[in-house]
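Novice: The structure's right below; bear with me while I get my questions together.
The values are calculated or read from the model by the stated rules, or taken from the named source; none is laboratory data. Predicted model, so just to flag it, every value in this text is computed and none were measured. FYI the Cβ positions are ideal-geometry reconstructions off the backbone, even for glycines, and counts take in every protein chain you see.
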């Protein structure tokens, strides 16, 4: 089945730093989704990407759909404490498959 | 926006008993709902796809007789963990996709923390 490899698995950064994480797939995706999960909660959609090369922003978050359609990147600029959480990439088409997640920890 | 309500948010049960978890789409009709399980510090693993009016489709390795799924209406799917054991303790999360099948229509519930003692 489809596999998503997400890296890094964890990040420890200082407040104000930029963050970058990526996700690669063993197969071509037509859509990439990026979610954030906070402790004890379900994932919340951050950004959805629909075509190769697409670059989409949501506030301080920017995500890109790789040209090969097998990868995607998520960047967070000027991190703040509320960015703490686990970030997951995910792909359809018919059912979501999740990456392993990137756990973000921010030191104030 | 689309809202998915999951209940209960946490439950503690004794080994051997059954537990039912509900997943409701509050403001849209969901022809398809998904059930995930998440162990501590791990990713979400899809357990099954619940289709309104038909049998659920289970992922490989998921026991259909242990995890009973019913999707009796366009707004409700239930997951029943039968004869629960401590190893079934986990965070269970449902997701619903609206009837139009838009990918960004995947909305998640807030999860159910199951502890089997």
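A quick yes/no check of all residues on (1) more than 14 Å from chain B (Cβ to nearest Cβ); (2) part of a strand (DSSP E or B); (3) closer than 30 Å to residue B:9 by Cα:
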residue: A:13; (1), (2), (3): yes, yes, no
residue: A:20; (1), (2), (3): yes, yes, no
residue: A:27; (1), (2), (3): yes, no, no
residue: A:39; (1), (2), (3): no, no, yes
residue: A:90; (1), (2), (3): no, yes, yes
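Novice: Is it the case, given these coordinates, that residue B:64 is away from chain A (no Cβ under 14 Å), at pLDDT 90 or above, part of a loop (DSSP other than H, G, I, E, B) and surrounded by fewer than 16 Cβ atoms within 10 Å (Cβ to Cβ)?
Specialist: The answer is yes for residue B:64.
Novice: Got a number for residues in the stretch B:66-87 being within 14 Å of residue B:49 (Cα to Cα) and free of Cβ contacts under 8 Å to residues at least 40 places away in the same chain?
Specialist: 6
Novice: Can you confirm whether the stretch B:27-37 contains a residue that is under 30 Å from residue A:9 (Cα atoms) and assigned to a loop (DSSP other than H, G, I, E, B)?
Specialist: Within the stretch B:27-37 (the criterion being under 30 Å from residue A:9 (Cα atoms) and assigned to a loop (DSSP other than H, G, I, E, B)), the answer is no, since none of the residues qualifies.
Novice: Right, another one. Among the numbered criteria (1) farther than 20 Å from residue A:37 by Cβ; (2) not in a strand (DSSP E or B), which one does residue B:49 miss?
Specialist: Residue B:49 satisfies every listed condition except (2).
Novice: Pick from B:32, B:78: which is at the interface with another protein chain (Cβ under 9 Å from one of its Cβ atoms) and farther than 29 Å from residue A:105 by Cβ?
Specialist: None of the others qualify; the one that does is B:32.
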